[in-house]
Structure formats: C-alpha cells, structure tokens
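> Sharing a structure with you now.
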Amino acid sequence: MKRVARGDEGLSAEWVAEGSIQSRLAAPDEADLVLYYLGEQKGDISPCGCLDNPRGGLPRAASYLEASEAGLVLNGGYWLDDGATLDGSPMADALLKNEWFVKGLQQLGTTAVHVGFDDLIGLSRMTTTPDLPMFSANLAGEGIVSHIIATHQDLKIGITGVSHPGSITISTPGYTREDPALAPEQVIATLAEQTDLIVLFNHGATKATKKLLKSGLVDIVIDTAHHRGFDPPFRHGGAIWVRSHDQGLRLGELRIGLEGGDIAWAIDRKIDMDTTMPDHPDQAVLAKETKRALKALDAKLFNR
C-alpha cells in the first residue's frame with residue numbers, strides 16, 4: 001500500500017505500508033544523497049506496545065536498511081528513556097533500557113545521533129558515556145561533539161542539531177545547555193566552509209531553527225516533535241524541511257537530487273514498521289535479551 005503527497009515544487013512524499021521489504025524499496029532514481037532517519041524511541045528497541053498492529057522497533061528498521069541502498073543512518077533525538085521516580089531519581093528499568101538501546105544503535109550502524117534535552121537527562125544518569133557518534137550544537141558534555149561530517153557518494157555532509165534547553169529547574173550533571181538560536185551560528189558557518197550540504201536537526205527548538213535558516217547555509221532540516229501525520233516536505237529559508245515519525249513507528253527515507261550543488265528535488269519516504277516487516281535476526285536477539293534482562297530486574301525489585 002502506498003500513498004503519495006505533493007509539496008512545494010520538486011518535493012513529494014510517499015507513505016509505504018504492508019508487503020514485503022522488496023515491495024517497499026524506492027523505485028530506481030538518480031538520488032545524490034539518501035538519508036535514513038528516525039528518533040524518539042525513548043530507549044525501546046522493540047515495537048510499541050499497541051495491541052492493534054504494534055509498529056516500530058530497531059529489528060524491523062534494521063531489516064529494511066540491510067535491503068536498501070547505502071545511505072546515512074541518523075537519529076533525531078529522545079532516543080533515551082528519561083523516566084524518573086517521584087523523588088527525581090532515575091527509574092531502574094529506564095537505566096537498563098538505555099544500556100541495551102545503546103547496543104541497538106551501535107549494531108544498527110548509526111552514522112550520527114542527535115542529543116536532545118531529554119537525552120541529557122538519560123546521559124547524566126548513566127555510569128559510562130555511550131560509545132556513539134553523539135552531537136549537538138547547543139548541548140555539551142562528555143562524548144558530545146558540536147557536529148559530524150559524513151561522506152556519501154563523494155559528498156561531504158555536515159550534520160548538527162539544536163534542542164530546546166529544558167527547564168532550569170531540571171539538573172543535568174556534567175552537561176551544559178546553551179541558547180539554541182545563538183550557539184549553533186558558528187558551527188553552521190564552519191560547516192559551510194567544509195561541506196557540500198548541511199543537515200540541521202531540530203528537537204523542540206523550532207523558533208531558533210527558523211532563525212538559523214535566515215543565514216541561507218542550511219540545506220535540510222529534520223524535525224522531531226512527536227509527529228504522527230503524513231506531510232510532504234516543504235521549503236523554509238532555502239532549506240528542505242521534513243518531519244520524523246514519533247517513536248520510530250515509520251522509518252524516514254529522504255532521497256535528494258542535486259543540480260549545480262543545490263537541491264533540485266526531494267522525495268521523503270515514510271516506511272511503516274508494521275507487523276508485516278520482518279525482524280533482523282541480530283537485532284531480534286538484542287530485543288529478546290533486553291526483555292529477559294528487564295524481566296529479571298522486575299523479579300528482583302518486586303520479588304516475583
């Protein structure tokens with residue numbers, strides 16, 4: 001099943017659901033850049049717990065990625081569980097989920113992982129810094145760089161992102177939060193000198209993102225804000241703006257065609273991670289081990 005929506009000139013979207021992996025793959029084109037993106041899993045490797053057609057999960061995403069052509073794999077933020085008890089201490093299961101989810105992202109071969117404010121809460125509670133390519137232009141701390149430069153088909157892609165800084169009443173020990181409208185300006189200017197295209201992630205800092213686009217240096221915005229709709233990409237400030245799907249229930253696949261170094265066309269595909277999408281064996285093992293570890297923790301905490 002496929003739905004198509006048209007956006008601004010040269011822009012369109014596809015929503016693909018059900019059927020085999022092969023039937024969901026993109027039609028042959030001359031894309032110069034392919035970005036796969038998802039986010040907001042909150043530490044959950046497995047699909048959502050919905051009774052009716054549970055969707056999402058890294059095992060299903062991994063199956064699609066393995067069958068697809070090469071591209072950059074990106075996470076837009078809120079990938080960690082920030083759950084806390086009434087006294088503010090981290091929930092035991094949240095810590096365990098986050099440890100296993102880091103393993104999932106590593107196994108997925110994620111190119112870049114955007115750190116949102118919610119992730120800072122999770123990171124500040126972990127005993128070790130995740131070995132992941134984490135980045136943010138306005139959130140800083142151990143293991144987080146301001147940007148990442150990745151290569152795809154001889155193109156140098158600069159990747160950075162902004163997040164809302166959260167409430168000043170919430171502490172994130174070891175991590176600092178800067179103004180999302182000011183801190184990224186120099187990062188973006190530096191990337192413009194070193195790369196062919198710039199991808200900017202927006203996690204709850206839309207006002208700041210729109211201000212940053214006035215420079216005309218950003219080419220692509222990937223927005224994570226619990227989106228559930230099916231919307232075509234649009235242009236804002238010279239950039240192509242797309243939205244990720246909440247909880248990773250749909251995998252985003254952004255296909256870009258260039259002309260003279262500028263984006264001439266873009267197809268934003270949303271691939272439903274529904275029950276007809278098979279699990280990748282390696283990720284399925286991780287998901288099973290995660291469930292086993294969480295069950296053991298539950299038995300230990302509640303003597304059952």
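The values are calculated or read from the model by the stated rules, or taken from the named source; none is laboratory data. Keep in mind it's a predicted model, so treat the numbers as computed, not measured. Every residue, glycine among them, receives a Cβ derived from its backbone with ideal geometry; neighbour counts consider all protein chains shown. Note: accessible area is taken over every heavy atom of the protein model, side chains too, but ligands, DNA and RNA are not part of it. Shrake-Rupley method; radii C 1.70, N 1.55, O 1.52, S 1.80 Å.
> How high is the relative contact order of the range 122-238? Use alpha-carbon pairs under 8 Å, at least six apart in sequence, and give a whole percent.
22 percent
> Still on this structure: How much net charge surrounds residue 186 when only the other residues with a Cβ under 12 Å from the Cβ of residue 186 are counted, with Lys and Arg +1 and Asp and Glu -1?
-3
> Between the range 227-280 and the range 98-122, what is the separation of their alpha carbon centroids in Å?
With the range 227-280 and the range 98-122 each reduced to a Cα centre, they are spaced 20 Å.
> Charges on Cβ only, +1 for Lys and Arg, -1 for Asp and Glu, centred on the Cα centroid of the chain; of 133, 283, 294, which one is farthest towards the dipole's positive end?
294
> How large, in Å, is the range 185-261 by the Kirkwood hydrodynamic radius built from its alpha-carbon pairs?
That comes to 13.3 Å for the range 185-261.
> Turning to a different aspect of this structure: Can you give the Rg and Dmax of the range 154-193 based on its C-alpha atoms, in angstrom?
Considering the range 154-193 through its Cα atoms, Rg and Dmax are 13.4, 45 Å.
> With a sphere of radius 12 Å drawn around the Cβ of residue 226, what net charge do the other residues whose Cβ falls strictly inside it have (Lys, Arg +1; Asp, Glu -1)?
Around residue 226, the charge tally is -1.
> Taking the range 1-127, how much of its Cα-Cα pair set, in percent, is spaced more than 21 angstrom apart?
Here the tail beyond 21 Å accounts for 50 percent of pairs.
> Determine the distance separating the Cα centre of the range 36-60 from the Cα centre of the range 146-179; give it in Å without decimals.
So the two Cα centres are separated by 23 Å.
> If you wrap the range 132-260's Cα atoms in a convex hull and average its projection over all directions, what's the area in nm²?
8.8 nm²
> Can you tell me the equivalent ellipsoid semi-axes for the range 47-101? Use √(5λ) from the Cα gyration tensor, largest first, whole Å.
Here the semi-axes work out to 28, 15, 9 Å.
> With 5 Å bins from zero, work out the P(r) of the range 100-155 over every alpha carbon pair and list the percent per bin.
The distribution over the range 100-155 is 4, 17, 29, 25, 15, 6, 3, 1, given as percents.
> Take the Cα radius of gyration of the range 210-251 and divide it by 2.2 N^0.38 Å, with N its residue count; two decimals is plenty.
Normalised Rg, Cα atoms only: 1.24.
> Right, something else. If you take every residue apart from residue 102 with its C-beta less than 12 Å away from the C-beta of residue 102, what net charge results, scoring Lys and Arg +1 and Asp and Glu -1?
So the surrounding residues net to -2.
> Write down Rg/Rh for the range 51-203, rounded to two decimals, with Rg from the C-alpha atoms and Rh from the Kirkwood relation over Cα pairs.
0.99
> Counting other Cβ atoms within 10 Å, which trypsin sites (Lys or Arg not before Pro) in the range 211-298 have at most 11 and lie in a DSSP loop?
Here the sparse-neighbourhood loop sites are 228.
> Ok, one more. In percent, how large is the relative contact order of the chain, given Cα pairs closer than 8 Å and 6 or more residues apart?
After rounding, I find 25 percent.
> Now a separate question. Given C-alpha coordinates of the range 114-184, what is the ratio Rg to Rh with the Kirkwood estimate of Rh?
1.01
> What whole-number value in cubic angstrom gives the convex hull volume per residue for the C-alpha atoms of the chain?
Enclosed volume per residue, from the Cα hull, is 130 Å³.
> I'd like the carbon and sulfur percentage of the solvent accessible area for the chain, probe radius 1.4 Å, heavy atoms only, ligands and nucleic acids excluded.
Heavy-atom surface of the chain belonging to carbon and sulfur, 1.4 Å probe: 51 percent.
> While we're on this one: Just for the range 113-161, what percent of DSSP beta bridges are antiparallel, to the closest 5?
Antiparallel: roughly 55 percent of the beta bridges in the range 113-161.
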